[in-house]
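The values are calculated or read from the model by the stated rules, or taken from the named source; none is laboratory data. Being a predicted model, the structure only gives us computed values, none of them experimental. Cβ: placed from backbone, ideal geometry, glycine included. Neighbour counts: every protein chain shown.
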Amino acid sequence: MTDREELARKAASVQQLEEGNRIRTALLAAVSHDLRTPLAGIKAAVSSLRAEDMDWTPEDERALLAAVEDSADRLDAIVANLLDLSRLQTGVVAPTTRVVGLDDVVARCVRTVSEPSRVELSFTPELPDVRVDPGLLDRVVVNLVDNALHHAPRGTPVQVAASSLGNRVQLRIVDRGPGVPDVDKERIFEPFQRLGDTPGGDGVGLGLAVAKGLTEAMGGSLIAEDTPGGGLTMIVELRAQPMRRIEEVTA
């Protein structure tokens, strides 16, 4: 090995260590704040419910229980993304693909997001099926839709539309939020990025990184584009399942 090759090897090793340290530092920050925040909400609500000196009305109890459920859902989403990121970085994601209807998967996923009533669905007629891992696609759709709901102005809808383009199927998640500058459109897919968030913002900043990694693991792609008129559009492209010819179906 030449001196130049040895220097290049050492430089690559140092860069890998620095990247690992950066991720560990960010993860520690996430654990110290983003994981503790929903836990604190759960503890506060439960402690209030257990307080013997308080006479809660049924409405108060329902509100406190709803706060527990909301915090538990936030905690579950954060932990799921941390586990997904760990699987992606260690290369252990092994998709088990099968042919599914994209409209069926998306409709089911939307029912589990934070505000399903704000999501508008649109599918072109005769949309081709896709070959994906349904579980991984669930995680992609939920992360992208929840991200759009988080950044869209209150009361405004998030549009989720699917259409075919040649041998690909496109899923578009459209919001009317503040958008992202072109210079940052790639960086938003890096772990622990929360562009434009205030110090009090919630979330670890993993949703987009996980969505991109899982999409690519299934042979698809995920990019961000400006929404015409303002906002951000996430575009998931997946392989369309070729339609079987009629003679093959009836044979």
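Table: residues versus (1) closer than 21 Å to residue 109 by Cα; (2) at pLDDT 95 or above; (3) not hydroxyl-bearing (Ser, Thr, Tyr).
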site	(1), (2), (3)
128	yes, no, yes
150	yes, no, yes
156	yes, no, no
166	no, no, yes
173	yes, yes, yes
185	no, no, yes
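For residue 69, the conditions (1) outside any helix (DSSP H, G or I); (2) modelled with pLDDT under 90; (3) surrounded by fewer than 15 Cβ atoms within 10 Å (Cβ to Cβ) all hold with the exception of (1).
All but one of (1) closer than 26 Å to residue 215 by Cβ; (2) surrounded by 14 or more Cβ atoms within 10 Å (Cβ to Cβ); (3) modelled with pLDDT of 70 or more hold for residue 81; which doesn't? Single failed check for residue 81: (3). Listed by first and then second residue, the pairs with beta-carbon distance under 6 Å, at least 6 apart or on different chains, first residue in the stretch 42-63 and in the same structural domain as residue 76 (by TED's automatic domain parsing), second surrounded by fewer than 13 Cβ atoms within 10 Å (Cβ to Cβ) and β-branched (Val, Ile, Thr), form an empty list.
Kindly evaluate residue 226 against the criterion of being charged (D, E, K, R), modelled with pLDDT of 85 or more and closer than 16 Å to residue 142 by Cα.
no
Being at pLDDT 90 or above, under 30 Å from residue 216 (Cβ atoms) and aliphatic (A, V, I, L, M) narrows it down to one of 11, 94, 107, 30, so name that one.
Working: 11 fails: at pLDDT 90 or above; 94 fails: at pLDDT 90 or above; 30 fails: at pLDDT 90 or above.
Residue meeting the stated conditions: 107.
Looking only at residues in the stretch 122-177 that are more than 23 Å from residue 98 (Cβ to Cβ) and acidic (Asp, Glu), the one that is nearest to the chain's Cα centre (by Cα) is 146.
Every residue in the stretch 52-66 that is more than 27 Å from residue 113 (Cα to Cα), of a type outside the set (Phe, Trp, Tyr) and surrounded by 10 or more Cβ atoms within 10 Å (Cβ to Cβ), please. I'd like the intermediate steps shown before the answer.
Restricting attention to the stretch 52-66, the residues satisfying the condition of being more than 27 Å from residue 113 (Cα to Cα) are 52-57.
Cutting the leftovers down to of a type outside the set (Phe, Trp, Tyr) gives us 52-55, 57.
Residues satisfying the conditions do not exist here.
Of the strands (runs of 3 or more DSSP E) lying entirely inside the stretch 111-198, those containing at least 3 residues that are of a type in the set (S, T, N, Q) are 158-165.
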